[in-house]
Structures are given as C-alpha cells and as structure tokens.
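K.L.:
The structure's right below; bear with me while I get my questions together.
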Amino acid sequence: MKAFTIAKRLVKQILGDKRSIALLFIAPIFVLTLLSMILNVSAPSPNIKVNNLPNDILIELKKEGTISEFTDERKAMEDLKNKKVDALIKYDKNKITIILEGSEPSVTKNVLNAFNKAISKVTNDTLSKLLKTIPKNNNLPIIEKPETIFLTGSEEMSMFDSVAPMLMGFFVFFFVFLLAGVSFLRERISGTLDRILATPLKRKEIVYGYFLGFGVFVAIQTLIIQLFMVYGLKINIMGSFWTVLLINILLASGSLALGTLLSTFAKNEFQLFQFIPIVIVPQVLFSGIFDLRKAPDIIIILSKIFPMTYGAEALKDVVIRGKGLLDIKLDLFILLLYAVAFLWLNILALKKYRKI
C-alpha cells in the first residue's frame, strides 16, 4: 500500500505539470515524424552536366539522372563548386573526363554508378567504334578508362570524413547546451540568481555576466573538442584551423545563450532535459548528415530554423572544401544573429523574476 501511495503522489505531481505532460507526449511524436519524413526520402538521382558526350552514352545516362549539356566550361565549374550540380562529364577527342564535386561520398557513388550503368548498356561494338574515331595522324593514345578528377575530397574519403565536420559542430552545440542549461538552472535553484537580482544590477548586465562567465569554460571546451577531432581522430582540415574555431565558437555562443534561455522555463533538470528532443535532436537531422534535396518542403523550411544548419554548412565548406572567411560570411552572420537574438530573449525572460 505504501508503494501505491508513493506512485499516486508521483502521478499527481506529473499530471500537475502541464509542460512536462506536453513534452512527454508531443516530443516523441515530433521527432518520429521528422525521422519518418527524412528517412523515407528516396535517394536523389545525380545531377550531371555533360559536354560533347557521345549520343549513345548520353541517351543511356539520361535514364540514370538529371542530365544537362554545357558549353561554357568556366560557368559549369562554378556550378560544380557551388554544388548546383554533382559532376561534370566531358568528352574531348579520345578522352572521357569525370569531374566530381567529391565532398559527399554517397553523391560521388551515385554519379559513378550512374555513369558505369550507362556505359554498361552501350554495346561493346558501339564503344569500340567510338574510341576508334580518332584520325590516324593523331598520336594521342586511346584511353578506354575514363579519367576521374575530384574537385574536393578523394576516392578514399570515408563516410566519417564526410560527416566529421557536422559531428564536430553538433557535439560543440550539444555539450555547451547541457553545460549552460544545467549550470544556470542550479544558479536559480540554489537562490544565487535571486540574490543577484536583488542587487542594483540591470537585467542585461546579469545576462552578459553569466554569458561571459560560462563563456570562458565554453571556449575551452570547444577548443578541446576541435583539437581532439583534428589531432586525435585525424580529421584533415583543408581550410584554416582558426576559421573552423571561429565557426565553432559562434555555434557555442548561440548554444550557450539558448541553454540559459530555456533553463529559465525549467523548474528542474528533468524539465530542462525534456527540451532536448525538441531543440537538440532536430539539429542532427538538419545538419547535413542526411541528404535533404528531395525532402518535402516543410522539412526544408524547418531546416532553416536551426543554427546547426548554417554551422554545419560552414564547417563543411572550410574543412572539406577549403573555403575561406569570405566564402562563408553569410553563415557566420546568421550564427552571430542567433547568439544575439538568444541573448536578447534571455534579458526578456528575466522579467518573470524581476521587472527592472
């Protein structure tokens, strides 16, 4: 009977907490729905631009993906660098060249599979005649195997190499969120925040103070994660180490401000952790680990809401594609806006504890 008494008290306590009830039942449905929509997306067919490709191969290749022809190679290369297309395939005299963007092994595999499948459907006689169309006075050798060029990455790039930049950013974001949220919550529960609020300090001064205080440890934690990924797990950074650190610091700043913001709406650690399925889990889904090119419009729109979308893209551009600060300035600006917005919301949230 005593056990039932304890159970009855806990049930009443949880039922009285409407926020916990909502998160307990809504959060799993939300996450499972997102997962279902993302994982049910069929693998996108490769988007390839071709030039002067023999008609027999072109016809078969069009059955395997989205194929368009180009005449301006410089513009086509720009499209490839900007990820508007997955690959360029050109035929010049006796030589077929495949130029791959190369930063995503799964996309690279789709392109090569599509090309190989198209080639296999072309009869050996047709391909033989194709390669013998070189004038007799041409001393260039007949190259039967297409040449493959990687704009970024390489044939040896593993799936981990591809997702490592996004994982780095996610772990920075996640652990900073936990550190900030739990630490600030303890400040409230212990009464320290109430004592600070009793002083003449303005709300914004309190928020900035907490942000800078936690920020020291957040910066150290961010640096440790990045150093371990680079030197411990041997992640090769094509761009600048310091640019990567700047991206991670901006991600961490936004996560720090978000963690302290959400902790103001939690009465205990249990309520704080309930925000994780709503706030943290989608960051993984929208960080670039999954290919969302053929995802429903609602998924694309949702992905633009979360800071990890921009942080992961900036990290991938620098780590894998070797881009610089000017190339990722928009992503950096958006990450900075998130940090500033969350800080401003922190100041407003403290109104529930003090009006001035």
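K.L.:
Would you kindly find the accessible area of residue 163, with a 1.4 Å probe and non-protein molecules such as ligands, DNA and RNA excluded, rounding to the nearest 10 Å²?
P.N.:
20 Å²
K.L.:
Now for a separate question. Please list the helices of the chain that count as membrane-span-like by this rule: a mean Kyte-Doolittle hydropathy of at least 1.0 together with Cα atoms stretching 27 Å or more along the helix axis, each helix being a complete DSSP H run.
P.N.:
18-39, 159-189, 203-227, 241-263, 329-349
K.L.:
Here's something else I'd like to know. Fully extended, how many nm does the chain gain between residue 234 and residue 301 (0.36 nm per residue separation, minus their Cα-Cα distance)?
P.N.:
Here the segment from residue 234 to residue 301 would lengthen by 20.7 nm.
K.L.:
Then there is this: Could you pull the accessible area for residue 309 with a 1.4 Å probe, rounded to 10 Å²?
P.N.:
Around 20 Å² of this residue is reachable by solvent.
K.L.:
List the pairs from 81/145; 202/304; 62/145; 81/234; 63/323; 62/304 whose alpha-carbon separation is above 30 Å, in the order I gave them.
P.N.:
202/304; 63/323; 62/304
K.L.:
Next question, about the same structure. Fully extended, how many nm does the chain gain between residue 113 and residue 21 (0.36 nm per residue separation, minus their Cα-Cα distance)?
P.N.:
28.2 nm
K.L.:
Also: When volume of the Cα convex hull per residue in Å³ is calculated directly from the model, which label among (1) 125; (2) 144; (3) 183 fits?
P.N.:
(3)
K.L.:
A further question on this structure: For 109, 294, 316, 49, what's the largest-to-smallest order of accessible area, 1.4 Å probe?
P.N.:
Sorted descending by solvent-accessible area, the residues read 109, 294, 49, 316.
K.L.:
Still on this structure: I need to check one value: relative contact order of the chain, counting alpha carbon pairs closer than 8 Å and at least 6 residues apart, in percent.
P.N.:
The normalised contact order for the chain reaches 20 percent.
K.L.:
Next question, about the same structure. So between residue 199 and residue 68, what do we pick up on full extension, going 0.36 nm a residue minus the alpha carbon distance?
P.N.:
Contour length minus Cα-Cα distance gives 40.4 nm.
K.L.:
With every protein chain present, what accessible area does residue 108 have (1.4 Å probe, heavy atoms only), rounded to the nearest 10 Å²?
P.N.:
Using a 1.4 Å probe on the heavy atoms, I get roughly 20 Å².
K.L.:
Check the straight Cα-Cα distances from residue 351 and name the aspartates and glutamates below 19 Å, setting aside those fewer than 8 residues away within the same chain.
P.N.:
187, 194, 205
K.L.:
Roughly how many Å is it from the Cα centre of region 100-115 to that of region 320-342, as a whole number?
P.N.:
For region 100-115 versus region 320-342, the Cα centre distance is 27 Å.
K.L.:
In deg cm²/dmol, rounded to 500, what helix-only [θ] at 222 nm does the chain give when every DSSP H run of at least 4 residues adds -39500 (n - 2.57) and the total is split over its residues?
P.N.:
Working: 16 runs with 218 residues, N = 356.
Result for the chain, helices only: -19500 deg cm²/dmol.
K.L.:
Heavy atoms only, 1.4 Å probe, whole protein assembly: order 255, 36 by accessible area, highest first.
P.N.:
Of 255, 36, the descending order of accessible area is 36, 255.
The values are calculated or read from the model by the stated rules, or taken from the named source; none is laboratory data. Here the structure is a predicted model, which means the values were calculated and not measured. These area figures cover heavy atoms from the full protein model, side chains too; ligands, DNA and RNA do not enter into them. Shrake-Rupley method; radii C 1.70, N 1.55, O 1.52, S 1.80 Å.
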